[in-house]
Each structure stands twice: as C-alpha cells, then as structure tokens.
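First up is the structure itself, then whatever we jot down about it.
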Amino acid sequence: MAEFLGYSAFFDRVRGAVRADRGERTLAVAVINLEFVSKVDGSYGYAAGDDLLRALALRLRDALPQGDVVGEVSRTELTCLFPALLSEQHVELAVNKVMRTLRDPVTVGGHEVYPTPLVGVSSRRLAEDDPDALLREANLAMHCARRRPEGYALYDSKNSPAERLYYELHAELHHAIEENELALFYQPLMDLRTGRIIGSEALLRWNRPGKGYVTPDKVVFVAERTGLIQPLTGWISTVALRQSGALLAEGLDVSVSVNMSVQNLGEPELPRLIARALRLWDVPPSKLILELTETAMMDENPGSLEAMLQLKELGLKLAMDDFGTGYSSMARLRDLPLDELKIDMRFVRDMLASPRDEKLVHSMIDLAHCLGMYVVAEGVETREIANRLRDMGCDVIQGYYLAKPMPMDQYREFVLARNGQPALKAEGSL
Ligand code: C2E
Ligand code: CA
Ligand code: CA
C-alpha cells in the first residue's frame, strides 16, 4: 500500500526524494487531473463529489506498492510520487496502472460514474535537479493529455515539435510576463465619415530574446491551456489602459480595443479587474472596447451572458470580433449587449473581386445597423475597398491601408499627424 499525504507534505517528500536520488533508479511524478468531479458535483451534489474523490484516492493508495506516495493537491487534483522505478520503461507501466485503477467505474449515491482522469508524468533525468521543474513538466504533460485518446502523456524532450514548442513557450511565458518581454502594438481605427482616427486595437507582441517573434495567436493558445491566460489578460489590460490613459491625459480623444479570450469571460474576477484598471489609469469606461470573438459570444453558457452584462454595467463597450466566421444565432445576437460588430477580414480583403463577399459584407453592415450596432471592417488593404465600404454605410475601418500595428510612440505620432494637435484641455475635463 502506498502512503497518502496532503499537499505540502507531498511537495516536501518530492523535494526530499530529488535530493536523495542518486540516479540509480528512476524517479517520476504524476499529476492527475480529476476535473470531471465537478460534473458529479453539478449532477448529484458536492457530497457525491467528495465521496468520489475519497474513493479514487483510496483506490490509488491501495493499488500502488509501498514506497510510492499519493498526494492530494486540491479537490480536483491528485499527485503520485514514484521514487524508485526500475527503469524509464517502468514509468509508462506505472502510469498505465494509475489509469486502470482510476478508470474503473465508481458508485456514488446510487449512481455509477465513469471517471475520465487526465494524467501527466515527468521523470527525472540526471540533469534535472529542480523538484519544481519536475512537477511543472508533469503538469504540462497533463495538459497535453487532454488531446490524447489514452488520457495520459509523458513529458519527454522527444515530444512532437508542436508539443516541444508548447513546453518551451510555457516555460518562458511566465518569465516573459514578469520580465516585460511582451509588448502591445496599436493599430489605428478610422471613422469613414470624418476621416479621423477614433482609436486603436491593442495587439500582443512577444519578442523572444534570440529566438524572434511569436505570433499572438500562439501565445494565447499556450496561455489558455496552461492557466496563464488570467495573468496575461491582466497584463494586457493594464498596459493598454495605462498607455491610452496617457494619450487621453494629453487631450488625444481616442479609444482602445482590447481582445479577450473566451476563458476570460468565465473568470468571475474580470469585471472587478477591469473596473480597477480603469480607475487606476483614469480612463473613462466609454473609451474602452472589449473584443470577444463570435465563437466566444455564442457560448450558450448562461454565465458568459451574465459576465457580459456585468462588464456593460461598467460603462464600457463590447465588440463582436471576427464576425462571419462562427455560427451566430439571430436570437443570441438580439440578446447580447453589443455595441460594435467587426467584420472578419476574410470577407473584406477580396470584396472587390468577389461579388458574393461584397454582398455578404453589405448585409452584415445592414444587420448590425438594424440591431443598433456600429460596424468596423477589418483587413482593409486598399483605398478602393475603403471607398466602397463607405458607400455601403460602414462606420469604421482598420487595416494595412491605414497602418500596420505599431508601438505606442509611433501610434501617438500617427494620431497627431492625422487628427492635428489637440485643443487645449480645460482643467479637470476629459
Ligand atoms: P484579431 O483580433 O482578428 O486581430 C487582427 C489581426 O489582423 C492582427 O494580427 C492584425 O495585425 C492583422 N491585420 C490587421 N490589418 C490587416 C490587414 O489589412 N491585412 C492583413 N493581412 N492582416 C491585418 P495579429 O496581431 O497577428 O493578431 C492575431 C490574432 O491574435 C488576433 O486576431 C487576436 O485573435 C489574437 N490576439 C492578438 N493580441 C491579443 C491579445 O492581446 N489578447 C488576446 N486574447 N488575443 C490577441
Ligand atoms: Ca480583435
Ligand atoms: Ca478580428
């Protein structure tokens, strides 16, 4: 029978085992995600969820031999320490045993439950002397397990190139947020009627020292799967509001649009975080636009509508990003508290060559106006397209025709050149 320990005792044990390890045997750590328990909580109540967890932890303790350790990290996470496996090959055998043990159905409160654990494992190679790295790698492997039918993954430097990049980025992203290797670029938005720059979209840039530039979609992809999206979005909103607050203080009347990930909507702290940043940098809420993709908005989860309503109460604006690429239901469009609709660039770019695209763009503009929203067309690359969009009644454009995304100091110059010097501000007004 294995030993069963609580959170901190388990980590102490891992540290001790790493220190004591002479590399003769193989030391491995498994992180076991039991998030399916929350479904049981939802269907049969928390007491049933607790029973299930206890049953699984005891089962694991009984199935593993003496010397191994089972740890309880949180209500939905268990860990195992295998301090002395015979060889690297035995790591996979140990994981298989964990999977078999946990996957057997459990009866709780008269209901049969089929556990679907996700397991990630990392074994200590001789070069690794950091117990935290071992746990971090096991945790990363656990996230990779999500995409595998077998439900588990071994951390391995020979993982597929995509997974390797994923591990690498994750390890560095933490650091990048702390060390300010990330930057926001700003892409101007122009009002088609007045020709004035009315604001910009903040776009994330990560320049990895010595390794070049990582596209923002990749950064967001990794952050969403490794629990880093919250700190990342916190950083993005703070920087966007601080830098835009400085422009507003100078008298440049511009808004800023910030992209939100679908996961941010599920975060109960989000409205408070945004409210705090608005106050801190003295930005009127009406100057902030949050962009959510169509797919995120169509999430039928009632929590996400609630989150949008709470955000709207702060006085900011909500935009639907990449419109036309998801599956909007008219009922949902009618119910969402939206101010702005952004037409995806794939319809805009070839608009003049493709009558179908042009008709689609036209009807999206009309639809948005019917629902009381204003329209931004993305990916406007030529003057001809800009003119045609104006004729169709589009309100705002964004795209390389105006400018590519640029650092804040260049954006400031751009606004000054296009809109002219701001009139002197009266004391205390914005
Ligand atoms: P998006 O929100 O649709 O952003 C617009 C993308 O189109 C940007 O790419 C922008 O540089 C590019 N773009 C703008 N005008 C043109 C044009 O005329 N032609 C062409 N070909 N492209 C144009 P970028 O900066 O690489 O961002 C890619 C995506 O990454 C964004 O798509 C957004 O989904 C995501 N993203 C970027 N920054 C953030 C962020 O701070 N947070 C989150 N959650 N996602 C972000
Ligand atoms: Ca966007
Ligand atoms: Ca977009």
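Taken over segment 309-341, the criterion of being among the aromatic types (F, W, Y) and surrounded by fewer than 16 Cβ atoms within 10 Å (Cβ to Cβ) is satisfied by Y327 alone.
Exactly one residue out of A417, A353, A368 is among the small types (G, A, S), within 16 Å of ligand 3 (Cβ to nearest atom) and without any contact (Cβ under 8 Å) to a residue 60 or more places away in the chain, and it is A368. Only residues that are within 16 Å of ligand 2 (Cβ to nearest atom), open to solvent by 70 Å² or more (accessible area, probe 1.4 Å) and of a type in the set (F, W, Y) were counted across segment 371-428, and they come to 1. Could you check segment 11-50 and list, in sequence order, the residues that are open to solvent by 70 Å² or more (accessible area, probe 1.4 Å) and in contact with a strand residue (DSSP E or B) (Cβ under 7 Å, 6 or more places away or on another chain)? Correct list: R13, R25, Y44. Restricting to segment 275-300, and then to whatever is assigned to a helix (DSSP H, G or I) and in contact with a helix residue (DSSP H, G or I) (Cβ under 6 Å, 6 or more places away or on another chain), can you tell me which residue is surrounded by the fewest Cβ atoms within 10 Å (Cβ to Cβ)? So, considering only residues that are assigned to a helix (DSSP H, G or I) and in contact with a helix residue (DSSP H, G or I) (Cβ under 6 Å, 6 or more places away or on another chain), the one surrounded by the fewest Cβ atoms within 10 Å (Cβ to Cβ) is P285. Scanning segment 284-301 for residues that are more than 21 Å from D344 (Cβ to Cβ) and either under 15 Å from the mean Cα position of the chain (by Cα) or at pLDDT 90 or above (or both) gives P284, P285, S286, K287, L288.
Contact map, segment 275-298: first residue of a type in the set (S, T, N, Q), second residue in a helix (DSSP H, G or I), Cβ cut-off under 6 Å, separation 6 or more or different chains; the map is empty. Checked against the criterion of being of a type in the set (A, V, I, L, M), open to solvent by 80 Å² or more (accessible area, probe 1.4 Å) and more than 19 Å from L402 (Cβ to Cβ), segment 342-353 has at least one qualifying residue. The single condition among (1) away from ligand 2 (no atom under 16 Å from the Cβ); (2) surrounded by fewer than 18 Cβ atoms within 10 Å (Cβ to Cβ) that L228 does not meet is (2). Taken over segment 330-348, the criterion of being closer than 24 Å to L270 by Cβ and assigned to a loop (DSSP other than H, G, I, E, B) is satisfied by L336, P337, L338, D339.
Flag: V262 does not match the condition of being surrounded by 21 or more Cβ atoms within 10 Å (Cβ to Cβ) and among the aliphatic types (A, V, I, L, M). Would you confirm whether any residue within segment 278-295 is closer than 25 Å to C144 by Cα and within 16 Å of ligand 3 (Cβ to nearest atom)? Checked against the condition, which is being closer than 25 Å to C144 by Cα and within 16 Å of ligand 3 (Cβ to nearest atom), segment 278-295 yields at least one hit. Screening L5 against (1) assigned to a helix (DSSP H, G or I); (2) in contact with a strand residue (DSSP E or B) (Cβ under 8 Å, 6 or more places away or on another chain) leaves a single unmet condition, (1). Checking the structure you have, find out if any residue of segment 54-65 is part of a strand (DSSP E or B) and in contact (Cβ under 8 Å) with a residue 40 or more places away in the chain. No, there is no match, as no residue in segment 54-65 is part of a strand (DSSP E or B) and in contact (Cβ under 8 Å) with a residue 40 or more places away in the chain.
Here's the yes/no breakdown for (1) of a type in the set (G, A, S); (2) over 23 Å from V262 (Cβ atoms):
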{"site": "Q187", "(1), (2)": "no, no"}
{"site": "M190", "(1), (2)": "no, yes"}
{"site": "G195", "(1), (2)": "yes, yes"}
{"site": "N207", "(1), (2)": "no, yes"}
{"site": "G210", "(1), (2)": "yes, yes"}
{"site": "T215", "(1), (2)": "no, no"}
{"site": "V220", "(1), (2)": "no, no"}
{"site": "A223", "(1), (2)": "yes, no"}
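When segment 65-87 is filtered for residues that are surrounded by 14 or more Cβ atoms within 10 Å (Cβ to Cβ) and hydrophobic (A, V, I, L, M, F, W, C), the ones remaining, listed by number, are V69, V70, V73, L78, C80, L81, F82, A84, L85. I want to confirm something. Restricting to segment 199-215 and keeping residues that are surrounded by fewer than 18 Cβ atoms within 10 Å (Cβ to Cβ) and not basic (K, R), which single residue is nearest to ligand 1 (Cβ to nearest atom)? Residue satisfying both the conditions and the ranking: T215.
Looking across segment 206-239, the residues that are within 16 Å of ligand 3 (Cβ to nearest atom) and closer than 19 Å to Y411 by Cβ come down to P216, I236.
The set of residues in segment 240-263 that are part of a helix (DSSP H, G or I) and either within 16 Å of ligand 3 (Cβ to nearest atom) or under 13 Å from D282 (Cα atoms) (or both) comprises A240, L241, R242, Q243, S244, G245, A246, L247, L248, A249, V262. Selection of segment 289-316 for residues being acidic (D, E) and away from ligand 2 (no atom under 16 Å from the Cβ) yields D299, E300, E306, E313.
The values are calculated or read from the model by the stated rules, or taken from the named source; none is laboratory data. Here the structure is a predicted model, which is why all the values come from computation and not from measurement. Heads up, the Cβs are rebuilt from the backbone with ideal geometry, glycines too, and the neighbour counts pull from every protein chain shown. The accessibility values were calculated without ligands, DNA or RNA, using every heavy atom of the protein model including side chains. Shrake-Rupley method; radii C 1.70, N 1.55, O 1.52, S 1.80 Å.
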